[in-house]
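Notes for the one structure printed next.
The values are calculated or read from the model by the stated rules, or taken from the named source; none is laboratory data. Because the structure is predicted, anything quoted here is derived from the model rather than measured. Ideal geometry is used to build each Cβ from the backbone, glycine not excepted, and the neighbour counts take in all protein chains shown.
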Ligand code: NAD
């Protein structure tokens, strides 16, 4: 694709056009069969359900819910459930496709799915959310399940929502089925290590990439944009490995200290004051300045499109690890490629969460629960293998890691489709 076209293309993770375009380019790179390519351009199953829900004042609202199962050739579908007033069916289809690639690139035996309910959870009571969730689950009871489709928390859904889904499904089956969802509370069969998993997985990937580069972790400096779950875990774990945190930002601004910031102290400060921006042992910096600081590694862990054509030319880091979903716009990727900055793409860099969700499902099916160190050991193996595969692919095709990751993922799913054959 010519550069201007890439520059004009929005990199919205929920854009169906962008998702199809990514698939088409990966299909070309890997040379997959045309029939398989056509099959993968469409979701396997799209469900739209009406969810009549009694509100607390006695009135009824009928919400619209979606569940899209993109592919099941490598195993059951896996993907989050989102509650949002603006979600559309096309968004859900795009997100379901991205889940197929994310599961494939780390080689866990799932296809991709995604769900959404068009609602404003901020304006609903807990009881209203519970009734809506239970009715949504009941409408889908025949098409979800541990062997069919496993849901997980996403935007504005959490462990409590997963517990309601698990309970509703189990009541209809007549026995407890913990493996119907992941991201459950530990008391219901949630996995140890899940909370840290995305940040931890990202750090395992960074470690493996630095090894490939011959970079010494204990001499590396890094900056993190976004100090929530993923960013703060990644920062604390890198800190433990001896890397030096020099800059951090959150929604209210950032802080900078070239001599190093203790991630643990910074988190304690954020928990108390609400922001990292006024951390006493550092200078205050703006959102934009965070991207310009001198460091070896930059971790965007906040929102989509954070790295764009405005700031890509000012980034000094040698490696960018995309902890957030779609933080780099296609235009920025072109600039970063020209500047030889390595971008480890989101589908591997933040796949640690779905990998530990997979462990939660396995533990639920076996009714045998692992220690946190077992979870972390298995996570590291999967993440490092994934990075190796993607790195080799990039070298083989002389392309960037994003292109290679999509090539690995699409190639892996296409091989499964081809081996099974297109029924009948
Ligand atoms: P979170 O809500 O816990 O944290 C987000 C952080 O970003 C907060 O500290 C917030 O203050 C900060 N932020 C918001 N706007 C900012 C801005 N303009 N500049 C700097 N910081 C800003 O969310 P999270 O769970 O840590 O997720 C972060 C990203 O990682 C999201 O893109 C999410 O989709 C992605 N992700 C998360 C998981 C997971 O397991 N939590 C898994 C895969 C991908």
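Restricting the search to strands (runs of 3 or more DSSP E) fully inside the stretch 222-286 and requiring at least 3 residues that are at pLDDT 95 or above and within 15 Å of the ligand (Cβ to nearest atom) gives 244-250, 253-256.
Checking each residue in the stretch 294-319 for being away from the ligand (no atom under 14 Å from the Cβ) and either under 22 Å from residue 399 (Cβ atoms) or touching a helix residue (DSSP H, G or I) at 6+ places or on another chain (Cβ under 6 Å) (or both) picks out 297, 309, 312, 313, 315, 317, 318, 319. Look through the stretch 395-424, keep the residues that are touching a helix residue (DSSP H, G or I) at 6+ places or on another chain (Cβ under 9 Å) and not in a helix (DSSP H, G or I), and return whichever of them is surrounded by the fewest Cβ atoms within 10 Å (Cβ to Cβ). Taking the candidates together, the pick is 422. Here residue 200 meets each of (1) within 16 Å of residue 242 (Cα to Cα); (2) at pLDDT 95 or above; (3) in a loop (DSSP other than H, G, I, E, B) with one exception, condition (3).
Of the residues making up the stretch 177-221, those that are within 16 Å of the ligand (Cβ to nearest atom) and within 23 Å of residue 326 (Cβ to Cβ) number 15.
The selection criterion, being outside the structural domain of residue 294 (by TED's automatic domain parsing), assigned to a helix (DSSP H, G or I) and crowded, with 24+ Cβ neighbours inside 10 Å, holds for residue 161. If you filter the stretch 326-338 down to residues that are touching a strand residue (DSSP E or B) at 6+ places or on another chain (Cβ under 7 Å) and in a helix (DSSP H, G or I), you find that the one that is farthest from the ligand (Cβ to nearest atom) is 336. Taking the stated definitions as given, is residue 323 outside any helix (DSSP H, G or I) and either in the same structural domain as residue 95 (by TED's automatic domain parsing) or surrounded by 23 or more Cβ atoms within 10 Å (Cβ to Cβ) (or both)? For residue 323, the condition - outside any helix (DSSP H, G or I) and either in the same structural domain as residue 95 (by TED's automatic domain parsing) or surrounded by 23 or more Cβ atoms within 10 Å (Cβ to Cβ) (or both) - is met.
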